[in-house]
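The values are calculated or read from the model by the stated rules, or taken from the named source; none is laboratory data. Computed from a predicted structure; not experimentally measured. Positions of Cβ are generated from backbone atoms using ideal geometry, with glycine treated the same way; all protein chains shown enter the neighbour counts.
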Amino acid sequence: MRTAVIDRKTKETDIHVELNLDGGKTDIDTGIGFFDHMLTALSVHGGFGLNVRAAGDLYVDCHHTIEDTGIVLGKAFDSALGDKGGIARFGSFYVPMDEALGFCSLDISGRPFLVFDAQFPEERIGSYDSCMTEEFMRAFAYNAGITLHLRACYGKNSHHITEALYKALAHALKAAVQPSQDDKPLSTKGVL
């Protein structure tokens, strides 16, 4: 089973993540409604079992909770993938969300990097700061060891733009973690 359970407690947050790359229940509670919606979309569209419990200093703002959840979720993906052998490794996907179009392309390479190109017309979506989409993606990519490219091709509504990006990430991850015919990492080096 490709699973991981990761906990991280700091003075600002207390995060618990259970991940199953091959499916299962989705149960998300971060205290940030829109972020719960996005993590649920990531789980459902990626076909992952995902349980997230996050308690953070929301009296400050949503930053620490969202960023730290990205860190822990990234570590869970890295742990569940082991040596990254036996997976397709690459994934790309476009997702239309009403007037918005989101694109994701990624490489589970062990070389973390983020290219993020998106503008958000509204600063907030409920209690979620739109700028936190980039912060979450950076924390996730760097802790998962993923080269991640995300682009909002166009859109006029921050909710739609953000949701298109999370769903594009989900579908790209789903493709990249699919089992391959070989148990070795897909690399000319033989390792990632």
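If you check GLY126 against the conditions, is it surrounded by fewer than 18 Cβ atoms within 10 Å (Cβ to Cβ), at positive phi, touching a helix residue (DSSP H, G or I) at 6+ places or on another chain (Cβ under 7 Å) and not aromatic (Phe, Trp, Tyr)? Give the steps one after another, and end with the answer.
Details: surrounded by fewer than 18 Cβ atoms within 10 Å (Cβ to Cβ): yes; at positive phi: yes; touching a helix residue (DSSP H, G or I) at 6+ places or on another chain (Cβ under 7 Å): yes; not aromatic (Phe, Trp, Tyr): yes.
The answer is yes for GLY126.
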Discussion item. Looking only at residues that are hydrophobic (A, V, I, L, M, F, W, C) and outside any helix (DSSP H, G or I) in the range 145-169, which one is surrounded by the most Cβ atoms within 10 Å (Cβ to Cβ)?
Written reply: ILE146
Practice prompt. For residues that are out of contact with any Gly (no Cβ under 7 Å at 6 or more places or on another chain) and either among the hydroxyl-bearing types (Ser, Thr, Tyr) or on the phi > 0 side of the Ramachandran plot (or both), scanning just the range 2-25, find the one that is surrounded by the fewest Cβ atoms within 10 Å (Cβ to Cβ).
Written response: THR10
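Being in contact with a Lys or Arg (Cβ under 9 Å, 6 or more places away or on another chain) and farther than 27 Å from ARG8 by Cα is true for just one of SER158, SER130, SER92. Which residue is that? Show your work before the answer.
Details: SER130 fails: farther than 27 Å from ARG8 by Cα; SER92 fails: in contact with a Lys or Arg (Cβ under 9 Å, 6 or more places away or on another chain).
Testing whether each residue is in contact with a Lys or Arg (Cβ under 9 Å, 6 or more places away or on another chain) and farther than 27 Å from ARG8 by Cα leaves just SER158.
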Worksheet item: Given the structure, is LEU106 among the aliphatic types (A, V, I, L, M), touching a Gly at 6+ places or on another chain (Cβ under 9 Å) and either modelled with pLDDT of 95 or more or surrounded by fewer than 24 Cβ atoms within 10 Å (Cβ to Cβ) (or both)?
Response: yes
Discussion item. Filter the range 26-39 down to the residues that are among the small types (Gly, Ala, Ser) and either surrounded by fewer than 14 Cβ atoms within 10 Å (Cβ to Cβ) or touching a Cys at 6+ places or on another chain (Cβ under 6 Å) (or both) and list them by number.
Written reply: GLY33
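Does GLU122 satisfy being of a type in the set (Asp, Glu) and in a helix (DSSP H, G or I)? Spell out the reasoning first.
On the way: of a type in the set (Asp, Glu): yes; in a helix (DSSP H, G or I): no.
In short, no.
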